[in-house]
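The values are calculated or read from the model by the stated rules, or taken from the named source; none is laboratory data. Since we're looking at a predicted model, the values are computed, not measured. In this analysis, Cβ positions are derived from the backbone assuming ideal geometry, glycine residues included, and neighbour counts consider all displayed protein chains.
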Amino acid sequence: MNTKMTQLLGIKYPIMQGGMQWLGVPELAAAVSNGGGLGTLNASCYPDHSEFREAIRKTKSLTNQPFAINISLTPDTTIGDATIGNIIIGGEENVPVIETAGRPPHDLRPYIKKANMIHIHKCTSLRHALHAQADGVDMVTVVGYEAAGHPSPYEIGSFVLFNGAAAVLSIPVLAGGGITDGRGLAAALALGCEGVVVGTRFVASEECWIHHNFKKVIVDADEKATLTCQRNINNLCRYYNNAQARKAVEVESTGGGLEEMLAVVSGALGYQCYQSGDTEGSCFSIGVGAALIQDVKPAATIIEEMVAQAQAACMRLQTIYQTDGVPQ
């Protein structure tokens, strides 16, 4: 497949793995990259710089294909030595791509430019995407309301956001939110995007280390299996509708503050449950697209099937057009 995304990143297919807290580790990132997509290593998985550097080197030992590092910051976070250090390490280790998210990237740009990495910034609105373009990023991902993790707080649906961003921006636009298969990939390309970012589908992959109970949650999910909360702390998140997520909704509805909410949505608690298989004891981010996932497969197989399905969808569209009344 030949798009501006594949050309710029030097990858075979326009499919990027989402960052995914705790799950964006070398084994999964390498599997996605080896399958022809762009794997992503999440910096938040590693508490110090030496561990992050080691993770990058491990990823490089598992694949000779491009991969990205992900650095996500909450909107009100001030960048510090930890963030700058991770960018510097990425440059020193010759990681070709960095994805940032969660806040405007303008004060990160000098460090990323010096590290000589292609810069993708994740946005949840057209306004933010335009600002990122003005800041000099190379690509943007626009994330619709269907997404896992942190979707659009403005509740903008993916179709409208993908279409609008691709029509207005001059840099390549990647689509994120609700995309789990080749029909979603074909739709994003038809709307003018140059590729897609896929999260939940890769959680339900063989290489993702999360306990199988969580993968079963995804396979069994329907379109009503998620909820959103955390508007009270200006950090909207979509979770699987389990006991812990409903507790977070209760905290939100009763006016609980940041400290009370963070105790419920704790990442450390999530990490423990991901290991133990307790699917009710922590908040678990999955997207609405989980309803379209029916199985657990190797990451490379997921990518191959997405590409084949996208091709079939495009061929179907070709049959709709007629010349002189004859189907082509």
Inset, instruction - Of the conditions (1) touching a strand residue (DSSP E or B) at 6+ places or on another chain (Cβ under 6 Å); (2) farther than 24 Å from Cys123 by Cβ; (3) of a type outside the set (Asp, Glu), Ser282 clears all except one; give me its number. - result: (1)
Inset, instruction - Read through the list (1) more than 17 Å from the chain's Cα centre (by Cα); (2) free of Cβ contacts under 8 Å to residues at least 60 places away in the same chain, then give the number of the only condition that Pro96 fails. - result: (2)
Inset, instruction - Could you check the stretch 218-328 for helices (runs of 4 or more DSSP H) lying wholly inside it with 2 or more residues that are closer than 26 Å to Gln17 by Cβ and at pLDDT 90 or above? - result: 243-253, 267-276, 299-320
Inset, instruction - Please verify whether the stretch 259-276 includes one or more residues that are of a type in the set (S, T, N, Q), crowded, with 16+ Cβ neighbours inside 10 Å and either outside the structural domain of Phe159 (by TED's automatic domain parsing) or touching a Pro at 6+ places or on another chain (Cβ under 9 Å) (or both). - result: no
Inset, instruction - Determine which member of the set Ala248, Ala290 is within 19 Å of Ser152 (Cβ to Cβ), over 21 Å from the mean Cα position of the chain (by Cα), surrounded by 21 or more Cβ atoms within 10 Å (Cβ to Cβ) and not hydroxyl-bearing (Ser, Thr, Tyr). - result: Ala248
Legend entry - Looking only at the stretch 20-40, and only at residues there that are crowded, with 24+ Cβ neighbours inside 10 Å and of a type in the set (S, T, N, Q), the one that is farthest from the chain's Cα centre (by Cα): Ser33
Inset, instruction - Using the structure shown, decide if Val198 is out of contact with any Phe, Trp or Tyr (no Cβ under 8 Å at 6 or more places or on another chain) and not basic (Lys, Arg). - result: yes
Inset, instruction - Check off (1) surrounded by fewer than 24 Cβ atoms within 10 Å (Cβ to Cβ); (2) at negative phi for Leu161 and give me the number that stays unchecked. - result: (1)
Legend entry - Selection status of Val197, in contact with a Ser or Thr (Cβ under 6 Å, 6 or more places away or on another chain) and buried (at least 23 other Cβ atoms within 10 Å of the Cβ): yes
Legend entry - Val168 in contact (Cβ under 8 Å) with a residue 12 or more places away in the chain, in the same structural domain as Leu23 (by TED's automatic domain parsing), among the aliphatic types (A, V, I, L, M) and closer than 26 Å to Cys123 by Cβ: yes
Legend entry - Condition broken by Gly267, with the remaining ones in (1) over 28 Å from Val32 (Cα atoms); (2) within 18 Å of the chain's Cα centre (by Cα); (3) small (Gly, Ala, Ser) satisfied: (1)
Inset, instruction - Specify the residue that is surrounded by the fewest Cβ atoms within 10 Å (Cβ to Cβ); the eligible residues are those in the stretch 106-122 that are free of Cβ contacts under 8 Å to residues at least 24 places away in the same chain and not charged (D, E, K, R). - result: Pro110
